[in-house]
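J.: Take this structure, written in structure tokens, and hold onto it; I'll ask about it next.
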Amino acid sequence: MTLSTAAEDRRRTAPRAEDWEAVARRQDEEIRSLCAEVLERYEEATFVYRLAERIAAERGESAIARMVVDDVAQVLGAPRGEVWLQGNDAFTLSVAVGTPGEGAADTDLEMLARARRGQPWVRDGDIPTVAVPLPSPSGPPLGVLVLRGRRSGRPYRAGEVKLLGAIGSLASAFLRNERLSEKARQAELRQREDELARQVHRGLLPHQDPEFEGLDVSGGFRAAEVVGGDYYGYVPMADGSLGIAMADVSGHGVGAALYMATAKGAIQSEGRRILSPAELLAQTNEVLLGDFSGMDMFATSVFVRFYPGARRFVYSNGGHNPPFLVRSSGEVVRLERGGPALGILPRVRYLEESFPFAEGDVLILYTDGIVEARDAEQRFYGLDRLVEEVNASRALPAPAIRSRVIADLERHVEGLPTRDDVTLVVARAIASGAEVSG
């Protein structure tokens, strides 16, 4: 090959100027496309970052869901956005923003079925729709994030579905955290309410037992783990009699404490002018019905009035555990005369009954927290055991009788917490002028 031939060949195979220009244009387009993609990814990352900052300042599940779906619908140009959340084994619509009626309800079953399997769902057509699950670390997804429609008219691309999936994961994390925070807030609120109820409850109980001619009295209360509604108290009456009241309110917490406070107030105020236990319960019943007519609460109650000198008493029982009288001879009498619990029926007429109370007789008032206390094998302490323990110690002073009953109850439950309050009042007839033992 001559030198001239080789030069000619090089001229024929060398790229022409227009070819170099085409290559440059393609490279320039690739660079611009890459820059646009990088910019788009940067904008998406910036959007997700700013969204996370805004969500962190929100409180409440609905507020978080609304912020997420509203922002992402604006960014992706969707006329309507929705968040569906799992509840009671089904997805229910929690938040919707934008144009009502966008989308077709017949697609929801397929969409939600895919979301339950943790898969995104995309539908093209007149109303492009995309849905991504809100994933949960364990178990089914927390919910579904849905966009319906597209202002640009074009379908949702794979990159946009991926972005929506990332936002769904972010929203799910914040929603799970909010649920945990809400549980913690509710637990703290319940703790504060329980402490308030304890304070109210303690304020209702007597600070000491009364001194009354011919009577040795010892009362006590021990709260269960949950704040309950037991009450006992002493009422000085207009003619010099002594009233002993006991009650047990349905329910627990602040509501029960306030209900009991009202019952105590009614008993104390009516006891200054009414001597009849039956009439006193009837008036208290009307007060509770008037003040708590909209609440599903009631109280069992018993009221005993000891005549001056404590040689006779009269009682009325409003649906309460029947008190029992242990004679000095060992005979046991249950006191059941009265009527229904307080706060249920209007204009109730209660019955009452009178008994002599001789020296050495013992009267026991108690709540169901004693007789229904259970041991490790779920056996009740029971009324028979309570009567037996009182009968065996009836010759002792009232505080000693009460202490022995509580000690026997402790042996029965073997250190297990009681499920209900334990309230016990022991009243024992003693000789007039005799010194009451502490």
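Readers should treat all values here as calculations from the given coordinates under stated rules, not as data from a laboratory. What you are looking at is a predicted structure, and each value in this text was computed from that prediction instead of being measured. Backbone-built Cβ (ideal geometry, glycine too); neighbour counts: all protein chains shown.
J.: Could you tell me the relative contact order of the range 93-196? Use alpha-carbon pairs under 8 Å, at least six residues apart, and round to a whole percent.
T.: 21 percent
J.: From a point 7 Å beyond the Cα of Arg379 in the direction of its Cβ, which residues of the range 394-418 have a backbone N at a distance under 19 Å?
T.: Residues 405-418 qualify, since their backbone N sits under 19 Å from the label point.
J.: Can you give the FRET efficiency to the nearest 0.05 for Ser136 and Glu336, using r as the Cβ-Cβ distance and R₀ = 51 Å?
T.: Calculated value: 0.35.
J.: Over all pairs of distinct alpha carbons, what does the Kirkwood formula give as the hydrodynamic radius of the range 63-172, in Å?
T.: After inverting the pairwise mean of 1/r, the radius is 13.5 Å.
J.: Could you calculate the contour length gain from Leu345 to Asp124, that is, 0.36 nm times the residue separation minus the distance between their Cα atoms, to one decimal place in nm?
T.: Between Leu345 and Asp124, full extension yields an extra 73.2 nm.
J.: While we're looking at this one, here's another question. Starting at the first residue of the range 343-348, write each ³J(HN,Hα) from the Karplus equation 6.51 cos²θ - 1.76 cosθ + 1.60 with θ = phi - 60°, in whole Hz, x for Gly and Pro.
T.: Karplus values, whole Hz, x for Gly and Pro: x, 10, 10, x, 6, 7.
J.: Determine the sum of side-chain charges near Ser276: Lys and Arg each +1, Asp and Glu each -1, restricted to other residues whose C-beta is under 15 angstrom from that of Ser276.
T.: Residues near Ser276 contribute 0 overall.
J.: Rounded to the nearest 0.05, what FRET efficiency do Glu353 and Glu195 have when you use their Cβ-Cβ distance and R0 = 35 Å?
T.: With R0 = 35 Å, the Cβ-Cβ based efficiency is 0.30.
J.: Right, next: Based on the mean of other beta carbon atoms within 10 Å per residue, what is the order of 270-276, 132-138, most packed first?
T.: 132-138, 270-276
J.: I'd like to know which of Leu242, Gly253, Tyr232 lies farthest towards the positive end of the charge dipole of the range 211-315, counting +1 on Cβ of Lys and Arg and -1 on Cβ of Asp and Glu.
T.: About the Cα centre, the residue reaching furthest to the positive side is Leu242.
J.: So, in Å, what gap is there between the alpha-carbon centers of the range 393-435 and the range 351-366?
T.: Value for the Cα centre distance between the two parts: 16 Å.
J.: Given H placed 1.01 Å from N in the peptide plane, which residues other than close sequence neighbours of Val235 have an amide H under 5 Å from its amide H?
T.: Amide H neighbours of Val235, under 5 Å, 5+ apart: Gly243, Ile244, Ala245.
J.: Quick one: Kirkwood hydrodynamic radius for the range 220-372, alpha-carbon pairs, angstrom, one decimal?
T.: For the range 220-372, the Kirkwood estimate is 15.6 Å.
J.: Based on alpha-carbon centroids, what's the gap between the range 133-173 and the range 367-387 in Å, whole number please?
T.: First find each Cα centre; the distance between them is then 57 Å.
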